[in-house]
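Just below is one structure, and these are the notes that go with it.
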Amino acid sequence: MQAPTTGNRIIAAINRDPLTAPRALRHDALLAVLTAALAVVLALLVDDGRRPDALGWALLLVSHVPLVWRRRRPVLVLLAVVACVVPYHFLDYTHTAATLAAYVALYTVAVTGRPLRTVLVGIGVLTLSVSVMLTISAHEALGLLKASGWVVAVLFLGVDVRFYRQYVASIVERAERAERTREEEARRRVAEERLRIARDLHDLLAHSITLIGVQTSVAAHVLSADPERLDREAVAKALDDIAETCRSARGELRTTLEVLREHGPPEVRGPLPGLDGLPDLAQAARLAGARVEQQVRIRHAPPAVGAAAYRIVQEALTNAVRHAGPDVSVRVELDERQGALHLSVSDDGTGPAPGGTPGFGLVGMRERARSVNGTLDAGPRPGGGFEVAAVLPLTTTGKRTG
């Protein structure tokens, strides 16, 4: 990793909040020492007042001591500096030497406080300074007024730096918020994808295992009904049906699990099941012993809506074969009314046995419907049997359903 350059360090120091900067006390102590050293040099070289004596040197050096705590208590530090600088100027020592500490204190007040406080402090400092100079001479007071532009410049510099830091902090905060939003969106998409895969696996395995179980029972019944007059053709057909169900389940399972190995966008996945797959579902239910009547009066639907309808019909047929009892009649109806796909799967069976452990079938169907902003109702029919009814809007938000 490349070490930061001097320019980058300076920019980082400017952008950093002075109230939360690391090692602030040590840096301010070093600043106080350097400022005091420069003040001593100016006191020795500049001739705009008499050279300090012991009292003057004491006042000059003590005025720099409060700068060590300038970030913690900027106003108190300014008052302490002024308390040392005012008598220093009043005694007409070298005036330039005492300005550095005052400028540093003024800058700190401006960069750490609100603009109103900065303006009030600046007016107070100028008023006090002019009043002190007037006690010395009107000429010195006039000279101070001419030099007051430096005070205003220092205050404006502090205010500008403060606003700049606030601007940079707002940019950083917006970037961090955007990053958090992206992470939350990524977590949400992962959770939705996991839920989608779980629903797909549930629908696929429940449907396939139920059909295999029914077909295996048919084969076992044929084998045990009359061993001496074995209907080989019926047994072979039952086993072929089991093999076909296994092949279909294996292919769909492979397509579902391939999602876990892909890193591309959802659009690169295989085609979604849709309304054109409903005849295969009906045929699979017939092979399991159900009498299925299907009436589809809609040909086209958005892919997400078609996939949701396919999965709902698949789960409803699976439940009918599993719970409705032998020789069940199932009616599947799909039509378009008022811009929505109306779906109904009803049977005349006995329904699930009371007291049984509830599964995730109805929950999954309701989630399928909600994924395309639809609704689903399921329950016993007044005349006997069970019905699943769903209304799926044909205008979706583009959300993909597996």
- Query: V190 fails exactly one of the following numbered conditions: (1) more than 22 Å from H323 (Cβ to Cβ); (2) modelled with pLDDT under 70; (3) surrounded by fewer than 13 Cβ atoms within 10 Å (Cβ to Cβ). What is the number of that condition?
  - Reply: (2)
- Query: Does D348 satisfy the condition of being crowded, with 18+ Cβ neighbours inside 10 Å, more than 26 Å from D200 (Cβ to Cβ) and either modelled with pLDDT under 80 or in the same structural domain as A288 (by TED's automatic domain parsing) (or both)?
  - Reply: yes
- Query: Going by the structure shown, is I136 surrounded by 14 or more Cβ atoms within 10 Å (Cβ to Cβ) and either more than 50 Å from the chain's Cα centre (by Cα) or at pLDDT 70 or above (or both)?
  - Reply: yes
- Test each condition in (1) buried (at least 21 other Cβ atoms within 10 Å of the Cβ); (2) closer than 25 Å to A29 by Cβ for V62 and report the one that comes out false. (1)
- L201: part of a helix (DSSP H, G or I), of a type outside the set (V, I, T) and at pLDDT below 70, yes or no? no
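Would you mind stating whether R16 is at pLDDT below 80 and not hydroxyl-bearing (S, T, Y)? Explain how you work it out, then say what you get.
Working: at pLDDT below 80: yes; not hydroxyl-bearing (S, T, Y): yes.
Yes.
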- Message: With the requirement that a residue be buried (at least 19 other Cβ atoms within 10 Å of the Cβ) and not small (G, A, S), what does the range 108-126 give you?
- Response: T108, V109, V111, T112, T118, V121, V125
- Using the structure shown, decide if L91 is assigned by TED's automatic domain parsing to the domain that holds L31 and buried (at least 18 other Cβ atoms within 10 Å of the Cβ). no
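The values are calculated or read from the model by the stated rules, or taken from the named source; none is laboratory data. These numbers come from a predicted model, not from an experiment. So basically every Cβ, Gly included, is an ideal-geometry build from the backbone, and we count neighbours across all protein chains shown.
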